[in-house]
Amino acid sequence: MENMTNPDVIIPRHLGIIMDGNGRWAQARGLPRSAGHQAGVQSARRIIEACAGLGIQVLTLYAFSTENWSRPEAEVDYIMSLVEQYAIDELPELQRNGIRFQLMGRREGLPNPILNALDRMIAQTCDNSRLIFNLAFNYGGRSEIADAIKTILTAADQDGFDASDLDENTIARYLYCSDCPDVDLIIRTSGEWRLSNFLLWRASNAVFITTPVYWPDFQQEHLLTAIRRYTQFISMQDAVS
Ligand code: FPP
């Protein structure tokens with residue numbers, strides 16, 4: 001597989017992926033949507049390992065947005081159970097691969113058994129440094145910014161904080177997973193072109209690439225194609241600036 005030593009490829013430091021198309025993948029096969037989500041988890045496993053192999057430092061996968069609560073209850077419950085099971089099953093694999101897991105999203109609203117499973121994975125992988133894997137779960141870009149401002153205002157009440165000291169760096173310090181850098185490349189599968197409230201603050205300078213492939217079919221080769229397109233784009237930009 002290509003890696004950072006290939007001088008022709010620019011590896012994004014932080015890659016974000018909007019995993020889309022699980023439902024359509026299942027529908028195309030006459031399967032229930034749940035089968036698409038199950039296949040989506042397998043796809044996530046492959047891509048997390050591929051990212052670690054490529055030398056990407058941070059990967060953020062968009063698994064459940066604050067808007068996704070409006071889906072049918074049975075589907076929401078199924079996604080919750082899949083993520084809980086993932087957190088239980090995947091810990092040894094993350095450890096073996098040196099991957100640090102983080103939850104990027106609002107804890108409020110998430111059922112306790114899931115939070116417990118996720119917290120265990122966060123605690124036990126916190127010393128790993130080969131790849132940071134953020135699961136954007138119960139995540140919304142606007143909620144993230146609103147939550148950051150809420151925390152800043154609460155701190156201001158307690159410690160006294162001059163509004164004139166508030167700048168972009170202050171807000172960035174209070175985002176979820178605040179040690180993660182801006183996102184360089186966002187890939188969205190299944191041919192959609194929307195950002196859908198993903199990483200709004202950190203995406204200010206990101207390259208956006210969409211691919212018609214449904215998420216369960218997304219393979220290393222599709223990731224490499226996206227990274228090559230990203231490389232071309234960055235190289236073109238560097239040439240004119
Ligand atoms: C996208 O397809 C799927 C989701 C937004 C939620 C489910 C994601 C997973 C199950 C992967 C979880 C990954 C890990 C690592 C636990 P969609 O339902 O929006 O598909 P559609 O647009 O075709 O209906």
(request) Select from segment 113-150 the residues that are of a type in the set (S, T, N, Q) and within 14 Å of the ligand (Cβ to nearest atom) and write down the one among them that is nearest to Val41 (Cα to Cα). (result) Asn134
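With assigned to a helix (DSSP H, G or I), under 30 Å from Thr231 (Cα atoms) and within 12 Å of the ligand (Cβ to nearest atom) as the only criterion, which of Ile48, Ile88, Ile79 stands out?
Numbers: Ile88 fails: under 30 Å from Thr231 (Cα atoms); Ile79 fails: under 30 Å from Thr231 (Cα atoms).
Of the residues listed, the single one that is assigned to a helix (DSSP H, G or I), under 30 Å from Thr231 (Cα atoms) and within 12 Å of the ligand (Cβ to nearest atom) is Ile48.
Yes or no: Arg173 free of Cβ contacts under 8 Å to residues at least 40 places away in the same chain and within 30 Å of Gly23 (Cα to Cα)?
Values: free of Cβ contacts under 8 Å to residues at least 40 places away in the same chain: yes; within 30 Å of Gly23 (Cα to Cα): no.
For Arg173, the condition - free of Cβ contacts under 8 Å to residues at least 40 places away in the same chain and within 30 Å of Gly23 (Cα to Cα) - is not met.
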(request) Write out, first by first residue and then by second, each pair whose Cβ atoms fall under 6 Å of each other, whose residues are 6+ apart or on separate chains, and whose first residue, in segment 31-43, is of a type in the set (A, V, I, L, M, F, W, C) while the second is near the ligand (Cβ under 6 Å from one of its atoms). (result) Val41/Leu82; Val41/Tyr86
(request) Please identify the pairs in which a residue from segment 64-82 that is closer than 17 Å to Gly21 by Cα has its Cβ atom under 7 Å from the Cβ atom of a residue that is outside any helix (DSSP H, G or I) and near the ligand (Cβ under 10 Å from one of its atoms), counting only partners at least 6 apart or on another chain. (result) Phe64/Phe137; Ser65/Ser196; Ile79/Phe64
(request) With the checklist (1) surrounded by fewer than 14 Cβ atoms within 10 Å (Cβ to Cβ); (2) more than 26 Å from Asp182 (Cβ to Cβ) in hand, flag the one item Ile114 doesn't pass. (result) (1)
(request) Considering each residue of segment 227-241, count those that are at pLDDT below 85 and either surrounded by 10 or more Cβ atoms within 10 Å (Cβ to Cβ) or under 15 Å from Asp184 (Cα atoms) (or both), and give that number. (result) 2
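The values are calculated or read from the model by the stated rules, or taken from the named source; none is laboratory data. These figures come from a predicted structure and were not determined experimentally. Cβ atoms come from the backbone with ideal geometry, glycine included; neighbour counts cover every protein chain shown.
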